[in-house]
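The values are calculated or read from the model by the stated rules, or taken from the named source; none is laboratory data. Small disclaimer: the values here were computed from a predicted structure and weren't measured. Here Cβ is always computed from backbone atoms with ideal geometry, including for glycine, and neighbour counts include all displayed protein chains. For the accessible areas, the whole protein counts, side chains as well, though only heavy atoms, and no ligand, DNA or RNA atoms are used. Shrake-Rupley method; radii C 1.70, N 1.55, O 1.52, S 1.80 Å.
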Amino acid sequence: MRNVDEDTITQIVISRHAEAPDSRLKRIMTGIVQHLHAFARDVELTEDELYQGIRFLTDVGHITDEKRQEFILLSDALGLSMLVTALNNHKPAGCTESTVLGPFFVANSPDYENGHDVANGAKGEPCFVTGRVRGLAGEPVPDARVEVWQADSDGLYDVQYDGAATQGRGTLRSLEDGSFHFRSVTAESYPIPYDGPVGRMLTALGRHPWRPAHLHFMIEARGYERLITHIFRAGDRYLDSDAVFGVRSSLIADWMHHERGRAPDGTDNDTPFSTLDFTFVLNRTNPTRA
Ligand code: BEZ
Ligand code: FE
């Protein structure tokens, strides 16, 4: 195997994996080698371009830390995250569709009682959210764990501020009838972080970094598949050009605008506010896999 050439190298690399003890790893790495080699042949990759690509990935690594996950952003911006989400979340018609998790989810967000304000001081117009968790047959799902997170009116998540308090995220439990409700701030469209290598990539490709306004949800309940999704705001100008390809028509909802006055929680608001209502439908876990 001394005379490796462009015609034989792919098979030679793959054959070195023959003894890999982990069959799944073997399959994944074989696929990566096949596709990377096919890509280099297809675009007739030059040596300069290979090193430019390596420098780009090095920059992605250098800017990544506990708070900034540029690799997730890269996967999102290339549509890979949404593809993997779609491949792994085939559900029966009628179930709420899944979309990307994104880089701003933080596990163990603070618990809130229904009716409380998850904004916790985040900037923005007040928004009153009502929702309910159901199964496909319409059955209410009580005691579901409902995690919500969102950006403020400046388009920033709490973790994007230095040393910030936890704002605009929280965990609630659905009530006996499957319903939940909370107060937050009205979601606005915002750009994904574009001050790093992924932003430079988007600019070089003539792409914008904007996401349509949305609220993130992760819903878990015993006997049902976990749902990771967003609710998108109808009318947003970026619904057809989401920078991370996450929009599904079934996830678009009206945020109703209200002038000041009595809010759904019975409080009197002296500023305008919005309301949002959405029903989440979960898929049952496969009993043979549960
Ligand atoms: C988000 O919606 O939080 C998000 C998703 C993908 C990339 C950047 C942000
Ligand atoms: Fe988001």
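Given the options R16, R222, R262, which has the most mean-square fluctuation in a GNM of the chain, springs set between C-alpha atoms less than 10 angstrom apart?
Result: R16 has the largest fluctuation of those listed.
Tell me the mean residue ellipticity at 222 nm calculated for the chain from its helices only (DSSP H runs of n ≥ 4, each -39500 (n - 2.57), averaged over every residue, nearest 500).
Working: 6 runs with 70 residues, N = 290.
Calculated at 222 nm, the ellipticity per residue is -7500 deg cm²/dmol.
For the charge dipole of segment 74-282, defined by +1 on Lys and Arg C-beta atoms and -1 on Asp and Glu C-beta atoms about the Cα centroid, which residue among L239, S184, N269 has the Cα displaced farthest towards the positive pole?
L239
Take the alpha-carbon positions of the chain, form their convex hull, and give its projected area averaged over all directions (one quarter of the hull surface) in nm². Walk me through the numbers on the way to the answer.
Numbers: hull surface 77.1 nm².
About 19.3 nm², averaged over all directions.
Work the Kirkwood hydrodynamic radius out for segment 23-176: mean of 1/r over every pair of different alpha-carbon atoms, inverted, in Å.
It works out to 19.4 Å.
Apply the Debye scattering formula to segment 9-66, with a single equal point scatterer on each alpha-carbon and no solvent, then give log10 I(q)/I(0) at q = 0.18, 0.20, 0.31 Å⁻¹.
-0.81, -0.88, -1.10
What net charge do the residues around E113 carry, taking every other residue with its C-beta under 13 Å from that of E113, with Lys and Arg at +1 and Asp and Glu at -1? Mind dumping the intermediate values first?
Numbers: positive: R173, R183; negative: D111, D117, D265.
Its environment carries a net charge of -1.
List every residue whose amide H lies under 5 Å from the amide H of N120, counting only residues 5 or more places away in sequence or on a different chain, with H placed 1.01 Å from N in the peptide plane.
Close amide H contacts, sequence-distant or interchain: G168.
With the contact rule set at Cα under 8 Å and sequence spacing of 6 or more, what percent relative contact order holds for the chain? Could the numbers behind the result be given before it?
Values: 519 pairs, mean separation 57.2, N = 290.
Rounded, it is 20 percent for the chain.
Taking the Cβ-Cβ separation of A165 and T46 as r and a Förster radius of 30 Å, what is the calculated FRET efficiency to the nearest 0.05? Walk me through the numbers before you get to the answer.
On the way: r = 49 Å, r/R0 = 1.64.
FRET efficiency, A165 to T46: 0.05.
Largest first, please: the extent of the C-alpha atoms of segment 67-115 along each principal axis, to the nearest Å.
Projected onto the principal axes, the Cα atoms of segment 67-115 cover 36, 35, 14 Å.
When the Cα atoms of segment 118-224 are enclosed in a convex hull and the volume is divided per residue, what value in Å³ results?
On the way: hull volume 14.5 nm³, N = 107.
Normalising the Cα hull of segment 118-224 by residue number yields 135 Å³.
Stretch R16-A204 to full length: gain in nm at 0.36 nm per residue minus the Cα-Cα span?
Taking 0.36 nm per residue and subtracting the Cα distance, the gain is 63.9 nm.
In whole Å, largest first, what are the principal axis extents of the Cα atoms in segment 211-251?
Here the spans come out as 37, 16, 14 Å, largest first.
For K91, what accessible surface area do you get with a 1.4 Å probe? Give it in Å², rounded to 10.
About 50 Å², ignoring ligands and nucleic acids.
Please list 200-212, 37-49 highest first by mean number of surrounding beta-carbon atoms within 10 Å per residue. Please list the in-between numbers first.
Values: 200-212: 15.2, 37-49: 10.6.
Answer by packing, highest mean first, reads 200-212, 37-49.
Give the percent of DSSP beta bridges with both residues in segment 74-282 that are antiparallel, rounded to the nearest 5.
Numbers: 31 of 44 bridges.
Roughly 70 percent of the DSSP beta bridges within segment 74-282 come out antiparallel.
Give me the dipole magnitude in Debye, nearest 20, for segment 74-175 about the Cα centre, with unit charges on the beta carbon: positive for Lys and Arg, negative for Asp and Glu. Mind dumping the intermediate values first?
Numbers: 7 positive and 13 negative charges, 81 e Å.
So the dipole magnitude of segment 74-175 works out to roughly 380 debye.
Any idea what the dipole of the chain comes to, in debye rounded to 20, about its Cα centre with Lys/Arg Cβ at +1 and Asp/Glu Cβ at -1? Working shown, then result.
Numbers: 29 positive and 42 negative charges, 174 e Å.
Dipole about the Cα centre, nearest 20: 840 debye.
Sorting Y190, Y161, Y112, Y51 by accessible area (1.4 Å probe), largest first, what list results? Walk me through the intermediate numbers first.
On the way: Y190 10, Y161 65, Y112 45, Y51 130 Å².
Solvent-accessible surface, decreasing: Y51, Y161, Y112, Y190.
Calculate, for F71 and H258, the FRET efficiency according to 1/(1 + (r/R0)^6) with r their C-beta to C-beta distance and R0 51 Å; round to the nearest 0.05. Don't jump to the answer; show the numbers that get you there.
Numbers: r = 41 Å, r/R0 = 0.80.
Using R0 = 51 Å, I get an efficiency of 0.80.
Compare the Cα positions of H90, L57, V33 along the charge dipole of segment 19-107 (+1 at Cβ of Lys, Arg; -1 at Cβ of Asp, Glu; about the Cα centre) and return the one farthest towards the positive end.
H90
Please compute the Kirkwood hydrodynamic radius of segment 190-290 from all pairs of different C-alpha atoms, in Å with one decimal. Walk me through the numbers before you get to the answer.
On the way: mean 1/r = 0.0604 Å⁻¹.
So the Kirkwood estimate lands at 16.6 Å.
Tell me, what HN-Hα J-couplings in whole Hz come from the Karplus equation 6.51 cos²θ - 1.76 cosθ + 1.60 at θ = phi - 60° for each residue of segment 160-165, using x for Gly and Pro?
8, 9, 5, x, 6, 6
Computed FRET efficiency, Cβ-Cβ of L57 and T8, R0 22 Å: what is it to the nearest 0.05?
Values: r = 27 Å, r/R0 = 1.23.
Rounded to the nearest 0.05, the efficiency is 0.25.
Could you tell me the accessible area of L80 in Å² (1.4 Å probe, neighbours in place), rounded to the nearest ten?
90
Could you tally the net charge around P264, taking each other residue with its Cβ under 15 Å from the Cβ of P264, Lys/Arg +1 and Asp/Glu -1? Walk me through the numbers before you get to the answer.
On the way: positive: R132, R183, R260, R262; negative: D117, E125, D254, E259, D265, D268, D277.
So the surrounding residues net to -3.
Sorted by accessible area (1.4 Å probe), largest first, how do M29, M256, M82 line up?
Working: M29 75, M256 100, M82 15 Å².
From most exposed to least exposed: M256, M29, M82.
Where does each of 56-66, 101-111 land if you order them by average Cβ count within 10 Å, highest first?
Details: 56-66: 12.9, 101-111: 15.2.
Packing order, densest peptide first, comes out as 101-111, 56-66.
Could you tell me which residue out of A137, N114, G163 lies farthest along the dipole of segment 106-172 toward its positive end? Charges go on the beta carbon: Lys and Arg +1, Asp and Glu -1, centred on the Cα centre.
Looking along the dipole axis, the top candidate is A137.
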